[in-house]
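All remarks here apply to the structure that follows.
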Amino acid sequence: IKKSDKIEKEKAFCTKINAKEVFEDAENETILVQGIIDLYAIDKNNNKYILMFFDGNVGRLKRFKQASYDSAKNNFEVLCFPWQANFIKEYMEDNVTCRILSIDDIEEIFK
């Protein structure tokens, strides 16, 4: 992450998505989703897409998995804690790289 071209912390976002992406029984309508991304990194040379799964947001992981299927490149990576790794590897199959980070690793990033 430290070698990335751009690193953003605590970045607010707002986007529209189909309600069915979040709620299976929802009508076919658009909803507004807003929140704060804890951290994201952009590497212009590798064009890698990175999901930080530290919060355990399975809905976001599901959307990330779908995006990895839709892409011809194998450039998706999930960052997770050691205790999340088995779940990530099973759920994401071979679509993404799983990078395990300890609490110490994360503290070093935020210094």
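Every number here is computed from the coordinates shown, using simple stated rules; none is lab data. These numbers come from a predicted model, not from an experiment.
Amide H of residue 52: which non-local residues (sequence gap of 5 or more, or other chain) have their own amide H closer than 5 Å, using H built in the peptide plane?
Amide H neighbours of residue 52: 79.
Output ³J(HN,Hα) for the stretch 75-81: one whole-Hz value per residue in order, computed from phi by the Karplus curve 6.51 cos²θ - 1.76 cosθ + 1.60 with θ = phi - 60°, and x for Gly and Pro.
My calculation for the stretch 75-81 gives 10, 10, 9, 10, 9, 8, 7 Hz in order.
For residue 97, what residues show an amide H to amide H distance below 5 Å, using hydrogens built from the backbone and excluding near sequence neighbours?
Close amide H contacts, sequence-distant or interchain: 76, 77, 78.
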